[in-house]
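One structure below.
The values are calculated or read from the model by the stated rules, or taken from the named source; none is laboratory data. Because the structure is predicted, anything quoted here is derived from the model rather than measured. We place every Cβ from the backbone using ideal geometry, glycine too, and count neighbours over all the protein chains shown.
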Amino acid sequence: MLVTLSSALEQGLLYCFMVLGVYLTFRVLDFPDLTVDGSMTLGASVCAVLIINGASPFLATLAGTASGAAAGIVTGFIHILLKSDSADTNYGPKLISGILTTTALYTVNLRIMGRSNIPLLGETTFFDKLGSMLNVRMVHWPLVATLAVLAVIVKYLLDWFLHTDLGLSMRAIGDNEQMIRSLSVNTSVTRVIGLAVANALVALTGSLVAQQQGYTDIGMSVGVLVAGLAGVILGEAIFGTRSVSWVLFSVIAGSLVYRTLIALGLRVDWIKPTDLKLLTALFVMIALGAPVIRRKLVKS
Amino acid sequence: MTAATGSPSDSCALPRPSGRAAGFECRDIRKTFYRNSAFQIQALCGVDLTVAPGDFVTIIGSNGAGKSTLLNVIAGTFSVDGGELLLDGEDISKLPEHARAAFIGRVFQDPRAGTAPSLTIEENMCLALRRGRRRGLHMGVDSSRRQVIRENLCLVEMGLEKRPKTQVAKLSGGQRQAMSLLMATIAEPRLLLLDEHTAALDPKVAATTMELTERVVSARRLTTLMVTHNMELALAYGNRLIMMHAGRIILNVGPTEKKELTVAGLVQKFRDVAGESFTTDRMLLD
Ligand SMILES: Nc1ncnc2c1ncn2[C@@H]1O[C@H](COP(=O)(O)OP(=O)(O)OP(=O)(O)O)[C@@H](O)[C@H]1O
Ligand SMILES: [Mg+2]
């Protein structure tokens, strides 16, 4: 049971960067960014290829993260190209630009890897290297502790960023785009920066997951966006949204809760691991749909 | 809380004008919506207007006259089909909206339009303070900016300066509109555009907002264009008045003439130039 818990926390912490990225796009920028499924594998591919070619795992992780930022920038520019001037609240171009990038990234990822998966067994990963520096074996609780420290660092960096001049304008874009434009913010460029930061976070998860599970696979991120949404929804619902600093913790905690629920679900006999995507999709659908249905019921 | 809370005005000196107020000129501005379709609307058909630095021009006119379109075209929300927009002699008609916003402040009719609801009062003010400046990785609300923000907030005498960390979503419409006005003016725009900015407020709040507008505009000597449906307001405020009808300026009243003008006189003038009466208009109801 304790081992299950440690591995659930491990997964929750590995994926919390991705969940933060999803929070940043869906909630802060009001941009439902579908690049996530592509940029996570991109981060994992770049990281894995660098590692098997002898790069330092720290450098490889950093490069993987940066590749996600590039993917976000591409989505941002496609959006600038597709959107019409006036329609700020039009989600069509936002959705399409993410879909286009993700589709293109499928090819890019296969090209980067040269095949559909890269095993990292026997290679020195980020965790091995850090473990040997700290003189601990990076499994179970030491791994959880390391990831927790990383999550806290990223959380505070993001918190600081969202309170800078740039971060404030970014938050205002999702809140009232016309207003922030009439305060002289170039919303197109600012949105691109936001997408870059968000997808960098997603790719950080990709890089770390590849190194923790010991391989990169072209299909490793299928459905990860919905899992991210589940984390955001759970975090906001359970821990609240009283301020930006607070909600960043909520969202990280949401990721932990989500992975714990998954681990518990797997202990139920009749649930197969392959059922989880359906269950997650159902959960997100109910969470998003419940308020709508309730409103309709009240009206009628 | 001390006894001082009753009168914040002692600590609230109005800022001095920076002398940035611009002269402004529209030359033959044209704007057509749904061009080349059956629904084509000529919203502006050749608007000429010259405004001197520090002028406060009130704009009246019937529904659909093109008043909002004129302001939107000046701010860059809509592009022009033809004509020039000169700010201190420089053509700004090719600049995108956000670039023009570096020197144009705006307040809209809807109190929700001018503020970001999920951000705090001081965060909103801080965004406004950075109008036209670089927005990098500097901390948004630092102690020196907090001081400037506090001084500005106490101008409106609503006690907003005492709760800078309150989310703007929790404020009333009047409070949000007062903030919108502060945010439009805090960085000393060279041109201020007000589009029926008191129309959505109840009469008492509208009156205080108008009084605040007058104070801020005159203290900073801002070049201002204010659209209103209320003839009394149009006559009471500003040093010039223009009337628009069917996409044109049909009446342009200068400073000396405006001082003597009455509502009745204005209605008569409209009949003289437009040959129609105002009866279908909500102007008379106000
Ligand atoms: N975004 C738009 N798209 C299409 N037509 C528009 C648009 N904005 C304004 N119009 C049309 O342009 C004309 C002028 O409208 P405008 O909003 O400028 O009038 P207004 O003088 O501000 O009127 P009101 O007093 O009712 O606010 C109207 O016929 C209007 O229908
Ligand atoms: Mg109007």
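Which one is farthest from the other protein chains (Cβ to nearest Cβ) among residues in segment B:70-97 that are within 16 Å of ligand 2 (Cβ to nearest atom) and not β-branched (Val, Ile, Thr)? Only one residue fits best here, namely B:LEU70. If you take the residues of segment A:245-292 that are in a helix (DSSP H, G or I) and charged (D, E, K, R), which of them is modelled with the highest pLDDT? In this case the residue turns out to be A:ARG259. Go through segment B:198-251 and give me each residue that's away from ligand 2 (no atom under 16 Å from the Cβ) and hydroxyl-bearing (Ser, Thr, Tyr). Selection gives B:THR208, B:THR209, B:THR213, B:SER218, B:THR223, B:THR224, B:TYR237.
In the list B:THR50, B:THR2, which residue meets the criterion of being at pLDDT below 95, more than 14 Å from chain A (Cβ to nearest Cβ) and away from ligand 1 (no atom under 16 Å from the Cβ)? Only one candidate qualifies: B:THR2. Filtering segment B:109-134 to residues that are of a type in the set (A, V, I, L, M, F, W, C), more than 8 Å from every other protein chain (Cβ to nearest Cβ) and in contact (Cβ under 8 Å) with a residue 60 or more places away in the chain leaves only B:MET125. Here is a check on your reading of the model: is B:THR69 β-branched (Val, Ile, Thr) and part of a loop (DSSP other than H, G, I, E, B)? Spelling it out, it is not the case that B:THR69 is β-branched (Val, Ile, Thr) and part of a loop (DSSP other than H, G, I, E, B). Residues considered: A:LEU248, A:LEU297, A:LEU256, A:LEU288. Of these, the only one that is closer than 29 Å to B:SER118 by Cα and either exposed (fewer than 10 other Cβ atoms within 10 Å of the Cβ) or more than 25 Å from the chain's Cα centre (by Cα) (or both) is A:LEU297.
Checking the conditions here, which among B:LYS269, B:LYS259 is assigned to a helix (DSSP H, G or I), at pLDDT below 90, over 30 Å from B:GLY82 (Cβ atoms) and not β-branched (Val, Ile, Thr)?
Details: B:LYS269 fails: over 30 Å from B:GLY82 (Cβ atoms).
Criteria check complete, one pass: B:LYS259.
Selection of first residues in segment B:191-213 that are in contact (Cβ under 8 Å) with a residue 12 or more places away in the chain and under 25 Å from B:THR50 (Cα atoms) and of second residues that are of a type in the set (Phe, Trp, Tyr) and within 16 Å of ligand 2 (Cβ to nearest atom), restricted to Cβ pairs under 6 Å at least 6 apart or on distinct chains, gives the following pairs, ordered by first then second residue: B:ASP195/B:PHE108.
Looking across segment B:238-248 at every residue that is surrounded by 21 or more Cβ atoms within 10 Å (Cβ to Cβ) and within 12 Å of B:ILE59 (Cβ to Cβ), the one that is nearest to ligand 1 (Cβ to nearest atom) is identified as B:MET244. Residues in segment A:144-165 that are crowded, with 22+ Cβ neighbours inside 10 Å and either among the hydroxyl-bearing types (Ser, Thr, Tyr) or over 18 Å from A:LEU208 (Cβ atoms) (or both): A:ASP165 alone. Assessment of segment B:88-95 against the conditions (touching a residue at least 24 places away in the same chain (Cβ under 8 Å), of a type outside the set (Asp, Glu) and not in a loop (DSSP other than H, G, I, E, B)) yields no matching residue.
For segment A:99-156, which positions are among the β-branched types (Val, Ile, Thr) and free of Cβ contacts under 8 Å to residues at least 60 places away in the same chain? The answer is A:THR107, A:VAL136, A:VAL139, A:THR146, A:VAL149, A:VAL152, A:ILE153.
Looking at segment A:181-196 only, could you name the residues that are hydrophobic (A, V, I, L, M, F, W, C), buried (at least 23 other Cβ atoms within 10 Å of the Cβ) and closer than 18 Å to A:LYS83 by Cα? So that I can check it myself, show each step before the final result.
First, pick out the residues of segment A:181-196 that are hydrophobic (A, V, I, L, M, F, W, C): A:183, A:185, A:189, A:192-193, A:195-196.
Cutting the leftovers down to buried (at least 23 other Cβ atoms within 10 Å of the Cβ) gives us A:183, A:185, A:195.
Once the filter is applied, which keeps residues that are hydrophobic (A, V, I, L, M, F, W, C), buried (at least 23 other Cβ atoms within 10 Å of the Cβ) and closer than 18 Å to A:LYS83 by Cα, segment A:181-196 yields A:VAL185, A:LEU195.
Taking the criterion of being over 22 Å from the mean Cα position of the chain (by Cα) and of a type in the set (Lys, Arg), the residues of segment B:117-149 that qualify are B:ARG134, B:ARG135, B:ARG145, B:ARG146. Where helices (runs of 4 or more DSSP H) sit wholly within segment A:101-206, those with at least 3 residues that are within 14 Å of chain B (Cβ to nearest Cβ) occupy A:140-161, A:165-175, A:177-181.
Let me confirm something: among A:ALA203, A:ALA227, which residue is modelled with pLDDT of 95 or more and buried (at least 17 other Cβ atoms within 10 Å of the Cβ)? Walk me through it before giving the result.
Details: A:ALA227 fails: modelled with pLDDT of 95 or more.
Selected residue: A:ALA203, the only one of A:ALA203, A:ALA227 that is modelled with pLDDT of 95 or more and buried (at least 17 other Cβ atoms within 10 Å of the Cβ).
Of all residues in segment B:60-69, those satisfying the criterion of being within 10 Å of ligand 2 (Cβ to nearest atom) and either among the charged types (D, E, K, R) or within 19 Å of B:MET231 (Cα to Cα) (or both) are B:GLY61, B:ASN63, B:GLY64, B:ALA65, B:GLY66, B:LYS67, B:SER68.
Exactly one residue out of A:SER84, A:SER39 is without any contact (Cβ under 8 Å) to a residue 60 or more places away in the chain and of a type outside the set (Asp, Glu), and it is A:SER84. The set of residues in segment B:172-218 being away from ligand 1 (no atom under 16 Å from the Cβ) and of a type in the set (Asp, Glu) consists of B:GLU188, B:ASP202, B:GLU211, B:GLU214.
Taking segment B:178-208 on its own, how many of its residues are out of contact with any strand residue (DSSP E or B) (no Cβ under 7 Å at 6 or more places or on another chain), assigned to a helix (DSSP H, G or I) and not hydroxyl-bearing (Ser, Thr, Tyr)? Adding up the residues that qualify gives 9.
Every condition in (1) more than 30 Å from B:ALA43 (Cβ to Cβ); (2) exposed (fewer than 15 other Cβ atoms within 10 Å of the Cβ); (3) touching a residue at least 40 places away in the same chain (Cβ under 8 Å) is met by B:ASP142 except one, and the failing one is (3).
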